[in-house]
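Bear in mind that the values in this text are calculations on the coordinates, not laboratory data. Everything numeric in this text was worked out from a predicted model, so none of it was measured. Methodologically, a virtual Cβ is constructed for each residue, glycine included, from the backbone with ideal geometry; neighbour enumeration extends over all protein chains shown.
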């Protein structure tokens, strides 16, 4: 196992149950030819995290009993670049010391993810075509060049 992945394997990743119950079926594909915008739950988690970073806001996670386990850090095995990216975000925002503790890195990632999920939920609830609305609204938070 790669040295980068090893410290994260035992860490858990979560999504809030309320979001899962309300939106997961509309957002995450259950088959290869699905029309949903995300192929995997980790892709949804990551996009929400990036939205939170773009908005430069962290939101506290719900209590443990209000969370749905997405998986463990082993989910990063296919996409180890995500670990590097997340650690760079934490390094820039919190400093080098925090990066030495994977549980703290993921806690910060979860807080950014929560902000992104709240942003997504607001956009999804406000539209008759929620997936299309979500995809077009993401452009509004991208840096303008």
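Under the shape rule built on the C-alpha gyration tensor, where the axes satisfy a ≥ b ≥ c, region 6-139 is prolate, since a/c reaches at least 1.5 and a/b is greater than b/c. What residues from region 1-24 fall in the zone where the backbone N is under 11 Å from a label point 7 Å along the Cα-to-C-beta line of residue 74? Flagged as within label range: 9-11. Based on Cα contacts under 8 Å between residues 6+ apart, region 6-139 shows a relative contact order of 36 percent. Normalised by the number of residues in region 1-84, the mean separation of alpha-carbon contacts (under 8 Å, six or more apart) gives a relative contact order of 50 percent.
Using the alpha-carbon centroid of each, what span in Å lies between region 1-20 and region 22-79? One Cα centre to the other: 11 Å.
Taking the 0 to 90 degree range and rounding to the nearest ten, how far is the long axis of helix 41-55 tilted relative to the main principal axis of the chain, both from C-alpha atoms? Orientation of helix 41-55: about 90 degrees from the principal axis. Within the listed set 33, 79, 21, the residue fluctuating most in the Gaussian network model of the chain (springs between alpha-carbon atoms under 10 angstrom) is 33. Adding -39500 (n - 2.57) for every DSSP H run of four residues or longer, then dividing by how many residues the chain holds, sets the calculated 222 nm ellipticity at -17000 deg cm²/dmol.
Extension gain, residue 122 to residue 4, is 39.0 nm, computed as 0.36 nm per intervening residue step minus the present C-alpha separation.
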